[in-house]
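The values are calculated or read from the model by the stated rules, or taken from the named source; none is laboratory data. Since the structure is predicted, the reported quantities are computational estimates derived from the model, not experimental observations. All Cβ positions, glycine included, derive from the backbone under ideal geometry; neighbour counts span all protein chains shown. Side chains are part of the model used for accessible areas, which takes the heavy atoms of the whole protein and leaves out ligands, DNA and RNA. Shrake-Rupley method; radii C 1.70, N 1.55, O 1.52, S 1.80 Å.
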There are 2 protein chains.
Amino acid sequence: MALTILKGTVISAPALGKLDVTERGYLIAEEGKVTGVFPVLPKRYAGAAAEDFGDALILQAPADLHLHAPQYPMMGMGMDLPLLDWLNTYAFPTEARFADPDYAREVYRRLAQDLIANGTTRVCMFSSLHRRATLILMEELEKAGVTGYVGKVNMDRNGAPNLQETTEESVAETLRWLEECSDFRYVRPMVTPRFTPSCTNELMAFLGRLAAERNLPVQSHLSENTAEGAWVRELHPDCTQYWETYAKYGLWNGRTVMAHCVWCDERERRAMKDAGVTAVHCPDSNQNICSGVAPVRVLLREGVKVVLGTDVAGGDTLSMLDAASSAIRASKARRVMDNWGTDFLSAAEAWYLAASAGAAFFGQQPGFAPGNSLHALVLDDSRLLQPHPLTPEERLERCLYVRQPGAIRAVWSAGRKVFSAED
Amino acid sequence: MALTILKGTVISAPALGKLDVTERGYLIAEEGKVTGVFPVLPKRYAGAAAEDFGDALILQAPADLHLHAPQYPMMGMGMDLPLLDWLNTYAFPTEARFADPDYAREVYRRLAQDLIANGTTRVCMFSSLHRRATLILMEELEKAGVTGYVGKVNMDRNGAPNLQETTEESVAETLRWLEECSDFRYVRPMVTPRFTPSCTNELMAFLGRLAAERNLPVQSHLSENTAEGAWVRELHPDCTQYWETYAKYGLWNGRTVMAHCVWCDERERRAMKDAGVTAVHCPDSNQNICSGVAPVRVLLREGVKVVLGTDVAGGDTLSMLDAASSAIRASKARRVMDNWGTDFLSAAEAWYLAASAGAAFFGQQPGFAPGNSLHALVLDDSRLLQPHPLTPEERLERCLYVRQPGAIRAVWSAGRKVFSAED
């Protein structure tokens, strides 16, 4: 791992809407940490072996900040149902199957490999409530080279007959899971109340204490769907807004990621900004299960941290390139809904959200900043026709829009080469 | 071609929202015409060779009723621009390259093959204004097995310096093109004013007479974008609505397809219904170039004929499976915009639009009706994980949502086998 030199057209997103481009440049990392991007090979590396990818694009590997691992087998199903019906008819029965460790092993091995083949090297991911399956998921991610956070889901109410814990079970299994997963290096635990309707107040209180005591990050769902919002208010008559049901139990801080945020109003958005909570925009899922269209431009303008997620299996693709173009399309639908009053996301902005903003949750600087852990992918777009000699920016845009099976040639995660198309 | 017997799980769309399913059944055609779908092989075919695709899905091959062949090389580019700027910056310069027959040959061969590999066997397609390139396009489509209509584009104003004809050139080249393309069997000519702003009144009048005299179908664009609509009203102060600029020149009848129809109001929709004009919904393009979200449910409810198109390169995919799921997603965005007042499209409805409604423009009955020309594809979805034993309807839904490179195993067009994954 000592020295990595990648040669190609290096593109990174150092700020929202900005791209840094070095054509036929060198991306260099030492001991897994980025040294820099150079137009010519610095003298001190003369003679060192470089992996030369010709004119292929070298991009930051994106981060998927919200997906449900046990829903991977049901991608693209039941989309004619709204969220709560879809959960009961499809998601819960599918998740219940992960009581079986063999099934978990089969699915999670494939999921982990598929993530890496799609260039996704960082995740915040929901498992199911099953402790063993969650450990298997973490093992398979670690083995494949996916890094980030995984949560054993907590749900002690409003589940399904075969997909619910008692409060005591949830507490005991969560504690045992935390003990058992302490040896993973790249995949770490995350406190994961499924969403407010799934957790009793007692369980929420326990999870808040746990996050504080052990300094753990938190993930959950927020204001995805109007019916869900109404239900939450019924369950917590003391809270005027959804976010308060998390805040009152200590689950609302700078290490919290909240998926969706479609229906957050100004006050809820301000609460996110003030606490440093990260909003995970999942455009594909929001459209598929008819949740609505999140006000991403407004969130950004108001200073809320926004990242992207696929939300498999509300989303129907693992590709964060797809997620970026979906985010652009959603922002354009939103623009129409807002009477053209909000700007849509540019390709450079969407890619920033997928790559740099996602990595920021893991303590990284934007782009290929020196000191960042090396997370990169090589994308060979040479099979596409070219109407004229393209700029690197145009090439990046096409990579977001046009699906190119097999175009990702190699992937690095936390400094390690974890995928090569020749494998 | 005499007898074709395909065995598999046959799914067809006999009516909007309805699916006919015959598991491990037989789709039979004689002399290229569908005889029927049978759960067991009828005695009269005993001993005849069947192509057995096991449990794979046998579906109607879809029809793409709107795309721009010369924009194929620029798929997924310039999407940060609105329609009129995008045309000037990307589409027109790219189309201008098709003055070169060699470039046309290279691009159109690949386009034709790519369409067939995606299962699309029928099209209504725009070429560029170039007569020779249009003939090359028709040749390549015919060779690959794509059937339908192609139009040499007419544009004698508001083009680009190297992409515009005089009225005389447009008339002369169109007449010559019609002579030269008379020998194609499966690909026929279609009268194609680019859109109202591109054609002088004199040219429009000529095209209307031409369509009437030679009994030719017509394709153009309608009410795609608000700026475009305003421009049309400026150009035709005598017309209160966009559609009237076509109607007054005889370009508005039961053999007319109009792409987009995003901003058609009630009166314009009624004019479509009354004349039997077909609306081509291009959801992906409408979102990409920020046109808006077409009111598909309303169009359907009011009895307008609605079909689907990819609108490459406003759209970023040639796949009509993608177009169907995009239509569903767009209908869900529309539902939100309509304050939940309009139903979204179900998977069965979207597939009906992509397959049966599209084929209806070519005189076909819905589904695999006896007498229909055999247009079918075989899709092997066995690589996907299955959370439970899936119904055929669930399998079809997943095929619309989840991109499965290489899953289309074989394609028939007008009775001929035109694609086999082993090729």
- Query: Normalised by the number of residues in chain A, what is the relative contact order in percent for Cα pairs under 8 Å and 6+ residues apart?
  - Reply: 21 percent
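With a Förster radius of 60 Å, plug the Cβ-Cβ distance of residue B:226 and residue A:209 into 1/(1 + (r/R0)^6) and report the FRET value to the nearest 0.05. Could you put the intermediate results ahead of the total?
Numbers: r = 54 Å, r/R0 = 0.91.
After rounding to 0.05, the efficiency reads 0.65.
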- Query: Given labels modelled 7 Å from the Cα in the Cβ direction, how far is it in nm from residue A:143 to residue A:33?
  - Reply: 3.1 nm
- Task: List the residues of region A:335-367 whose backbone N lies under 11 Å from a point placed 7 Å from the Cα of residue A:393 along the Cα-to-Cβ direction.
- Result: A:347-349
- Note on the structure: Per GNM of chain A with C-alpha springs under 10 angstrom, the most fluctuating residue out of A:44, A:109, A:209 is A:44
- Query: How far apart, in nm, are two points set 7 Å out from the Cα along the Cα-to-Cβ line at residue A:18 and at residue A:382?
  - Reply: 3.2 nm
- Label model pair residue B:55, residue A:275: point-to-point distance (7 angstrom along the Cα→beta-carbon line) in nm is 4.6 nm
- Query: Add -39500 (n - 2.57) for each DSSP H run of 4 or more in chain A, then divide by its residues: what number comes out at 222 nm, to the nearest 500 deg cm²/dmol?
  - Reply: -9500 deg cm²/dmol
- In the protein assembly as shown, carbon and sulfur make up what percent of the accessible area (probe 1.4 Å)? 48 percent
- Item | Positive-end residue, the protein assembly as shown charge dipole about Cα centroid, Cβ charges, pick of B:124, B:135, B:178 | B:135
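Run the numbers on region A:166-246 and let me know its relative contact order in percent, using alpha-carbon pairs under 8 Å that are six or more apart. Don't jump to the answer; show the numbers that get you there.
Details: 58 pairs, mean separation 22.3, N = 81.
Rounded, it is 28 percent for region A:166-246.
What is the calculated FRET efficiency for residue A:238 to residue B:180, with r their C-beta to C-beta distance and R₀ = 51 Å, to the nearest 0.05?
Details: r = 78 Å, r/R0 = 1.53.
That gives a FRET efficiency of 0.05.
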- Query: Using the Cβ atoms and a cut-off under 9 Å, what net charge is assigned to the surroundings of residue A:199, where Lys and Arg are +1 and Asp and Glu are -1?
  - Reply: 0
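Using a 1.4 Å probe on protein heavy atoms only, how many Å² of accessible area do B and A hide from each other, summed over both chains and rounded to 100? Can you show the working numbers first?
Details: alone 16530 and 16550 Å², together 28560 Å².
Roughly 4500 Å².
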- Options A:13, A:215, A:410, ranked by Cα towards positive dipole end of chain A, top entry (Cβ charges): A:13
- Message: Compute accessible area for region A:315-333 by itself and then with all protein chains, 1.4 Å probe, and report residues whose area falls by 30 Å² or more.
- Response: A:316, A:329, A:332, A:333
- Task: Find the centroid of the Cα atoms in region B:311-377 and in region A:1-25, then give the distance between the two in whole Å.
- Result: 41 Å
- Query: In the protein assembly as shown, what percentage of the DSSP-assigned beta bridges are antiparallel, given to the nearest 5?
  - Reply: 45 percent
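Please work out how much length the chain gains when fully extended from residue A:253 to residue A:46, using 0.36 nm per residue of separation minus the C-alpha to C-alpha distance, in nm with one decimal.
Numbers: separation 207, 0.36 × 207 = 74.52 nm, distance 4.65 nm.
Taking residue A:253 through residue A:46 to full extension adds about 69.9 nm, to one decimal.
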- Message: On C-alpha positions alone, give me the angle between the axis of helix A:167-180 and the longest principal axis of chain A, in degrees, nearest 10.
- Response: 30 degrees
- Item | Threshold 10 Å² - residues in region A:379-423 whose accessible area is reduced by that much or more when the chain is no longer isolated, probe 1.4 Å | A:383, A:385, A:386, A:387, A:388, A:394, A:397, A:398, A:401, A:402, A:403, A:405
- Task: Over the protein assembly as shown, average the accessible area per residue using a 1.4 Å probe and give it in Å², no decimals.
- Result: 34 Å²
- Quick one: angle between helix A:131-144 and the longest Cα principal axis of chain A, in degrees between 0 and 90, rounded to 10, please. 0 degrees
- Query: Which angle between 0 and 90 degrees, to the nearest 10, do you get for helix A:226-235 versus the longest principal axis of chain A when only C-alpha atoms count?
  - Reply: 40 degrees
- Build a GNM of chain A with springs between Cα atoms under 10 Å: which of A:49, A:112, A:13 gets the top mean-square fluctuation? A:49
- Query: Using alpha-carbon positions, what is the distance between the centroids of region A:58-117 and region A:237-292, in Å?
  - Reply: 22 Å
